[in-house]
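Right, one structure below, let's go through it.
The values are calculated or read from the model by the stated rules, or taken from the named source; none is laboratory data. Bear in mind the structure is a predicted one, so any value in this text is a computation, not a measurement. No Cβ is skipped: glycine too gets one built from the backbone with ideal geometry, and neighbour counts run over all protein chains shown. The area values use the complete protein model at the heavy-atom level, side chains included, leaving out ligands, DNA and RNA. Shrake-Rupley method; radii C 1.70, N 1.55, O 1.52, S 1.80 Å.
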Amino acid sequence: MTTGPSDTMQLNNHTDLEVGSSHLNADGADDFSDPFDIANTKNASFQALKRWREAALVLNASRRFRYTLDLRKAEEKEQRRRMIRAHAQVIRAALLFKLAGQRAIVLGTEVSPPAPTGDYGISLEQLASVTRDHNLSALQQYGGAKGLSEKLKTDLDSGIADDDVELSKRKNMFGANTYPMKKGRSFLRFVWEAWQDLTLIILIVSAVLSLALGIHTKGLKEGWYDGGSIAFAVLLVILVTATSDYRQSLRFQNLNEEKRNIQVEVIRDSRREKISIYEIVVGDVVPLSIGDQVPADGVLISGHSLAIDESSMTGESKIVNKNQKAPFLMAGCKVADGAGTMLVTGVGINTEWGLLMASISEDTGEETPLQVRLNGVATFIGIVGLAVALFVLIVLLCRFFTGNTKNPDGTTQFVHGKTSVSKSIDGVVHIITAAVTIVVVAVPEGLPLAVTLTLAYSMKKMMADKALVRRLSACETMGSATTICSDKTGTLTLNQMTVVEAYIGEKKLDPPEDGSQLHSAVSSLLDEGITQNTSGSVFASKDGKGIEVSGSPTEKAILSWGVKMGMKFKVVRSQSIILHVSPFNSTKKRGGVAVRERSGSQVHMHWKGAAEIILASCTQYLDSNGCLQSIEKEKDFFKEAIEDMAAKSLRCVAMAYRTCNVDEVPTDEEQLARWVLPEDGLILLAILGIKDPCRPGVKDAVTQCRDSGIKVRMVTGDNIQTARAIALECGILTSNAEVTEFEVIEGKTFREFSEKEREQVAKRMSVMGRSSPSDKLLLVQTLRKLGEVVAVTGDGTNDAPALHEADIGLSMGIQGTEVAKESSDIIILDDNFASVVKVVRWGRSVYANIQKFIQFQLTVNVAALVINVVAAVSSGDVPLNTVQLLWVNLIMDTLGALALATEPPTDHLMHRPPVGRREPLVTNILWRNLFIQALYQVGILLVLNFQGKSILSLEHDDPKHANMVKNTLIFNTFVFCQARLHIKPQTSN
């Protein structure tokens, strides 16, 4: 996982409107009337986090918050990050100043080229100084990227050799692309933290006092029982807590490792292949496109409109354009726009990113909505428990010192002026122990453990179901989702695209790969447009027997079609020179390139994009015989062809071109970078219909969502007819005849509505076609305003705002860009909509399991609390002592939490409506079940407490023995009641 601008924003934004919106009063200030308001906990500000901690009862706050973000450490981490950035900037500025001075002294002289070191013509220190200091003059004296590549024995076109010996040699010489990670905390550290809990400290003190009291009154042989048992129970609690925390820490470390191990595309042996970011070596040639993370330090080889977001390193949200005047690229930054290739010159600890990541430890802790709600519940119960314990303490002390407390043999425990000081102290300690017992009973120690076990178990199982959880809160929030705004390509469809229909001019090719029907001039222009206007590539396979195609699924489909038509990729590409690139943009739905023939002075500008948008810019078309024709008469024919293909759920892509003279193209690099390719007066070359079949099981998954009260909406950039056809195929629309007004809508239409109209339309809308990223964001904002809990799927960089805005952002693991993944809460590893539904099942399971445990835990606590309070007030003694209750709580906390937390999701969960955003955690039905169960248990235990001796015929036995037998029966009955409740917990359903 990388640290981006969102991290900085989260750490610094103390007035995060997304979190605080429900707290803003008329003056714009925060209204803290409800500290546990969890309308929104995503990206919660420090202010909200601190408010939750301050509102939580300090009695066991350390245990309650032990899986959440350490605010003090988070602030320290951000300060250290700023310090490293500032330090690096100061060193760079000083070195640049020094170099400038040296250049002024030796003006007119050249720096001597570096002496070869080992197998390479440049050393690690020389390379690092060039890239770290952004030393452009030194780079130029080395010969730029080309000169450096020669010293690093790298071919800028074919990359380095994909050979283990060569890669190992480079790693030994220049280092590996890894950095030393800070070691996680040891088990003993967790043990140390576990015992620093006020409840446990009180119990430890009680154990010491009880041990001293017992030995003093009963002697060493029998007097250590109570105190030793309490100490043993406390030790067991500490070990269980520490073990749970330690395992959770290891799981988070593994999760972080999984998030950091991103896949990067490199060029080796003229082939494009994806490798782990850790396998990048100095000398690698890395292609970059929108949304990619720069995997290492390097210099730009070539680029078109390449813009880099360097905020993760500089701390400034500024997009920096990269060209030959500013060629240095820093690891950890993101590609914001354009495309290019880079030569890797620094990896791992030899980069600023490596230094930064090695100096900080990543903390994935966070508050989740359930934790916040449970903090509220636990706070309330803790306060009630303390109040009751204080009340009992006062009553018992009053009874003791007024002579109303009797010994088992009937004698008065305290007689003023006669009872010794030591016996009085013993009696007071005994009373304090009884009060502590009530506190132990009242505080629900199992709640934090249950939440942690449930979330940890769910995260592990969701990973098996192809969902990588980046934010814990998403596990449970997903169970409350009321609508899913899904992408089409790759999520609802297989993302395995093939060209199945092709129109060249007015002629439909049958089969679509039959290039023999085309004039040579048409074939030549088509080949040029396919090979040059693409971010993909065609290369020989490893075995040399075939070819491989790389690029996005759409690019791969078009390139594969070109190859089948007889296109020679490398040959065609070498015949012309790229002058300028206008990268594909999801807002304008098209991308273009200007190329000049090597043998001529004519410039061709090739465009490719959404068929109806390209068609609208065309004034002519080239027929299959190579003759130019006016498009006016045939425009309806082409529109009809596009509609026919769209109705068959085909993605329609058009290719067009226009010509201009070379003197019309700017020659200056800066002017060329700002040059806008002409988009009008185009000549249509081809219209392609690309098939992307629906994923198997998607229709069933959509039906399952509908049955569970979740509305699935499809948001796509495709033609509205294509979107409608796919929606029918997937079951999002039931039938064409039943489609109502505004159920299928274009993004442009949606954005033109007023706010009130938009809210009405959003409720009814199922499909949005030809949508831009801003339309998707607008839809998410509108739905959330209506009170919906929104899940969004996306894979592109432009999906990032919608993923960040949604309650749950789900990015795609295969086709998703790093920017999209970083903005998301869950990564769907197989890009499958069915996996999204599995996440919903697990989310609902988390909520249901926690509710079961709350009912189970609170019933036990209420029953034990009532019986002890009534017995203490009426007789001055408690039937359930500290050791017994600790034992029950211990067994209940571990085994009960484990059993209920690891209960897998069942089918009936998907037949319930979603849990509302503000629905109480403890529902009315849950309260009813809880009180009925507690009443039943309290009734039985009180009968045994007051009538136990007569029921067991113990009236004439020794009072001390009779009390022990009676209390033993009460304890066993209490345990059996919990066992019955544990076997068959009463849920809210």
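Some observations on this one:
- Residues in the range 556-586 that are in contact with a helix residue (DSSP H, G or I) (Cβ under 7 Å, 6 or more places away or on another chain) and of a type in the set (S, T, N, Q) were compared, and the one that is surrounded by the fewest Cβ atoms within 10 Å (Cβ to Cβ) is 586.
Yes/no matrix, rows are residues, columns are (1) surrounded by 15 or more Cβ atoms within 10 Å (Cβ to Cβ); (2) touching a residue at least 12 places away in the same chain (Cβ under 8 Å); (3) in contact with a strand residue (DSSP E or B) (Cβ under 8 Å, 6 or more places away or on another chain); (4) of a type outside the set (S, T, N, Q):
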position	(1), (2), (3), (4)
915	yes, yes, no, yes
921	yes, yes, no, yes
924	no, no, no, no
930	yes, yes, no, yes
935	no, no, no, yes
938	yes, yes, no, yes
943	no, no, no, yes
951	no, no, no, yes
956	no, no, no, yes
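- Those residues of the range 135-158 which are polar (S, T, N, Q) and either under 14 Å from residue 302 (Cβ atoms) or open to solvent by less than 40 Å² (accessible area, probe 1.4 Å) (or both), in sequence order: 135, 137, 149, 154, 158
- Being within 21 Å of residue 905 (Cα to Cα) and of a type in the set (Gly, Ala, Ser) holds for only one residue in 875, 845, 824, and it is 845.
- Of all residues in the range 660-693 being of a type in the set (Val, Ile, Thr) and closer than 30 Å to residue 508 by Cβ, the one that is surrounded by the fewest Cβ atoms within 10 Å (Cβ to Cβ): 683
- Of the residues making up the range 632-659, just one is within 28 Å of residue 727 (Cα to Cα), part of a strand (DSSP E or B) and open to solvent by 40 Å² or more (accessible area, probe 1.4 Å), namely 651.
- Contact map, the range 456-472: residues that are touching a residue at least 60 places away in the same chain (Cβ under 8 Å) paired with residues that are open to solvent by 30 Å² or more (accessible area, probe 1.4 Å) and hydrophobic (A, V, I, L, M, F, W, C), Cβ distance under 8 Å, separation 6+ or inter-chain. Pairs shown: 466/829; 467/829; 468/829; 469/463; 470/1.
- Residue in the range 268-288 that is more than 30 Å from the chain's Cα centre (by Cα), part of a strand (DSSP E or B) and either at negative phi or in contact (Cβ under 8 Å) with a residue 60 or more places away in the chain (or both) present: yes
- Helices (runs of 4 or more DSSP H) fully within the range 694-752 that include at least 3 residues being at pLDDT 90 or above, open to solvent by less than 60 Å² (accessible area, probe 1.4 Å) and under 16 Å from residue 647 (Cβ atoms): 720-730.
- Residue within the range 195-210 that is out of contact with any Leu (no Cβ under 9 Å at 6 or more places or on another chain), more than 30 Å from residue 242 (Cα to Cα), assigned to a helix (DSSP H, G or I) and touching a residue at least 24 places away in the same chain (Cβ under 8 Å) present: no
- Single match in 235, 213, 188 (criterion: in a helix (DSSP H, G or I) and at pLDDT below 80): 213
- Considering only residues in the range 321-377 that are touching a helix residue (DSSP H, G or I) at 6+ places or on another chain (Cβ under 7 Å) and acidic (Asp, Glu), the one that is modelled with the highest pLDDT turns out to be 352.
- Looking only at residues of the range 298-338 that are more than 30 Å from the chain's Cα centre (by Cα) and part of a loop (DSSP other than H, G, I, E, B), we find that the one that is surrounded by the fewest Cβ atoms within 10 Å (Cβ to Cβ) is 325.
- Subset tally (residues that are crowded, with 16+ Cβ neighbours inside 10 Å and either in a helix (DSSP H, G or I) or without any contact (Cβ under 8 Å) to a residue 40 or more places away in the chain (or both)) for the range 753-768: 4
- Exclusive hit being crowded, with 23+ Cβ neighbours inside 10 Å, at pLDDT 75 or above, over 25 Å from residue 379 (Cβ atoms) and more than 19 Å from the chain's Cα centre (by Cα), set 419, 489, 483: 489
- Residues in the range 560-582 that are hydroxyl-bearing (Ser, Thr, Tyr) and either under 13 Å from residue 596 (Cβ atoms) or part of a helix (DSSP H, G or I) (or both): 560, 574, 576.
- Those residues of the range 769-816 which are assigned to a loop (DSSP other than H, G, I, E, B) and either within 15 Å of residue 490 (Cβ to Cβ) or aliphatic (A, V, I, L, M) (or both), in sequence order: 786, 789, 795, 796, 806, 813, 814, 815, 816
Per-residue answers, yes or no, for (1) more than 19 Å from residue 266 (Cβ to Cβ); (2) modelled with pLDDT of 65 or more; (3) assigned to a loop (DSSP other than H, G, I, E, B); (4) hydroxyl-bearing (Ser, Thr, Tyr):
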residue	(1), (2), (3), (4)
84	yes, no, no, no
87	yes, no, no, no
90	yes, no, no, no
122	yes, yes, yes, no
130	yes, yes, no, no
162	no, yes, yes, no
165	no, yes, no, no
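- The set of residues from the range 510-545 being part of a loop (DSSP other than H, G, I, E, B) and open to solvent by less than 30 Å² (accessible area, probe 1.4 Å) comprises 512, 518, 533, 534, 536, 541.
- Inspection of the range 886-896 identifies at least one residue that is closer than 19 Å to residue 432 by Cα and either open to solvent by less than 10 Å² (accessible area, probe 1.4 Å) or assigned to a helix (DSSP H, G or I) (or both).
- The residues of the range 919-928 that are in contact with a Ser or Thr (Cβ under 7 Å, 6 or more places away or on another chain) and of a type outside the set (Val, Ile, Thr) amount to a single one, 926.
- Among the residues making up the range 783-818, a single one is among the polar types (S, T, N, Q) and surrounded by fewer than 21 Cβ atoms within 10 Å (Cβ to Cβ): 815.
- Every residue from the range 156-181 that is within 16 Å of residue 351 (Cα to Cα) and among the β-branched types (Val, Ile, Thr): 178
- Residue check, residue 200 within 42 Å of the chain's Cα centre (by Cα) and surrounded by 16 or more Cβ atoms within 10 Å (Cβ to Cβ): yes
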